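Working notes, structure below.
The values are calculated or read from the model by the stated rules, or taken from the named source; none is laboratory data. Remember, it's a predicted structure, so these values are computed and weren't measured experimentally. Cβ placement follows ideal geometry from the backbone for every residue including glycine, while neighbour counts extend to all protein chains displayed.
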Amino acid sequence: MKRGILYSVIFVLVFSVSLLAHLPISFVLQHMPSVRGLKIEGVQGTVWQGRADQVSWQKRNYGAANWDFQLSQLFQAKAEFAVRFGRGSDIGLHGKGMVGYGLSGPYAESVVASMPAEQALALSPMPIPVPVTLNGQLELTIKQMTYASPWCQAGEGSLAWSSSSVESPIGSLDLGPVIADFTCADSKISAKGGQQSSNVSSEFTGELTPNRRYSSQAWFKPGAEFPAAMKAQLKWLGNPDGQGKYQFNYQGRF
């Protein structure tokens with residue numbers, strides 16, 4: 001009798017594990033509540049390893065997505081997936097990394113994502129007062145980030161803009177590499193960056209707090225090859241400091 005009960009329990013456990021391991025992702029999506037604006041097409045595989053041919057949000061195609069469950073991370077009390085995304089994206093987005101859920105909540109590690117700077121400008125919610133064109137590629141690197149409302153519990157990473165230049169009706173600027181490092185602690189995000197080229201050099205710092213208040217300080221200094229048409233417009237910015245730098249300070253809330 002006891003042996004029969006034991007065999008029954010083992011059978012149920014094996015059956016349950018097998019069912020979960022082979023549960024089609026298409027079945028899961030069909031029975032999940034729909035999210036307005038989100039469309040996932042061409043799904044294949046299981047919850048643990050699979051792909052989607054196209055992921056769209058608000059009618060914008062962000063490309064394909066692949067995921068692969070990392071079984072070894074269970075020994076560290078983590079449910080982690082290796083992901084790749086962006087192939088075929090309308091905005092030229094490409095990326096990969098590790099995302100998961102641990103004892104401290106949702107997290108991301110070793111995430112690298114890139115897209116053309118011009119596409120990032122088009123996605124910006126902030127209006128640009130002057131018509132400009134951005135050239136080059138943006139690359140976001142997240143070394144590690146743990147989510148906590150409203151932004152993050154902890155994290156660090158960087159944003160790099162390579163082959164960067166800005167075109168406007170009054171001239172063009174070659175910026176050279178632009179690099180910004182950022183950290184997060186208790187949903188306070190701090191960033192610091194800069195660039196240097198024969199056209200112009202600049203540095204900036206910024207901070208975003210949990211209550212959506214932001215502050216930033218920045219300066220730029222025209223270089224030896226600063227465009228003449230742009231130099232003629234500097235008079236509207238006032239006088240530079242003793243080092244030839246034009247200083248700016250911004251703060252507000254969004």
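Only residues that are small (Gly, Ala, Ser), assigned to a strand (DSSP E or B) and surrounded by 14 or more Cβ atoms within 10 Å (Cβ to Cβ) were counted in segment 39-78, giving 5. A Cβ distance below 6 Å, combined with a sequence gap of six or more or placement on separate chains, defines the contacts here; from segment 189-204, residues that are under 15 Å from Phe248 (Cα atoms) reach residues that are surrounded by fewer than 18 Cβ atoms within 10 Å (Cβ to Cβ) and hydroxyl-bearing (Ser, Thr, Tyr) in the pairs Lys192/Thr205. Report yes if some residue within segment 231-239 is surrounded by 13 or more Cβ atoms within 10 Å (Cβ to Cβ), out of contact with any Asp or Glu (no Cβ under 9 Å at 6 or more places or on another chain), within 26 Å of Pro131 (Cα to Cα) and at pLDDT below 95; otherwise report no. Yes, the conditions are met somewhere in segment 231-239. Report whether or not Phe226 is more than 27 Å from the chain's Cα centre (by Cα), within 24 Å of Pro131 (Cα to Cα) and surrounded by 12 or more Cβ atoms within 10 Å (Cβ to Cβ). Considered against the rule, which asks whether it is more than 27 Å from the chain's Cα centre (by Cα), within 24 Å of Pro131 (Cα to Cα) and surrounded by 12 or more Cβ atoms within 10 Å (Cβ to Cβ), Phe226 comes out as yes.
Picking from residues in segment 136-157 that are touching a Cys at 6+ places or on another chain (Cβ under 8 Å) and not aliphatic (A, V, I, L, M), the one that is farthest from Glu109 (Cα to Cα) is Trp151. Of everything in segment 26-38 that is among the polar types (S, T, N, Q) and loosely packed, with under 13 Cβ neighbours inside 10 Å, the residue that is farthest from Leu123 (Cα to Cα) is Gln30. Within segment 91-119, being more than 17 Å from Asn66 (Cβ to Cβ), aliphatic (A, V, I, L, M) and surrounded by fewer than 18 Cβ atoms within 10 Å (Cβ to Cβ) holds for Ile91, Leu103. Is it the case that Gly155 is among the small types (Gly, Ala, Ser), in a strand (DSSP E or B), touching a strand residue (DSSP E or B) at 6+ places or on another chain (Cβ under 7 Å) and more than 22 Å from Gly88 (Cα to Cα)? It is true that Gly155 is among the small types (Gly, Ala, Ser), in a strand (DSSP E or B), touching a strand residue (DSSP E or B) at 6+ places or on another chain (Cβ under 7 Å) and more than 22 Å from Gly88 (Cα to Cα). Residues considered: Ser197, Ser187, Ser201. Of these, the only one that is at positive phi and crowded, with 17+ Cβ neighbours inside 10 Å is Ser187.
Going residue by residue through segment 19-29, is there one that turns out to be under 30 Å from Glu118 (Cα atoms) and either without any contact (Cβ under 8 Å) to a residue 40 or more places away in the chain or of a type in the set (Gly, Ala, Ser) (or both)? The answer is no, given that none of the residues of segment 19-29 is under 30 Å from Glu118 (Cα atoms) and either without any contact (Cβ under 8 Å) to a residue 40 or more places away in the chain or of a type in the set (Gly, Ala, Ser) (or both). Determine, yes or no, whether Ala224 is of a type in the set (A, V, I, L, M) and farther than 18 Å from Ala180 by Cβ. So Ala224 fits the description; yes.
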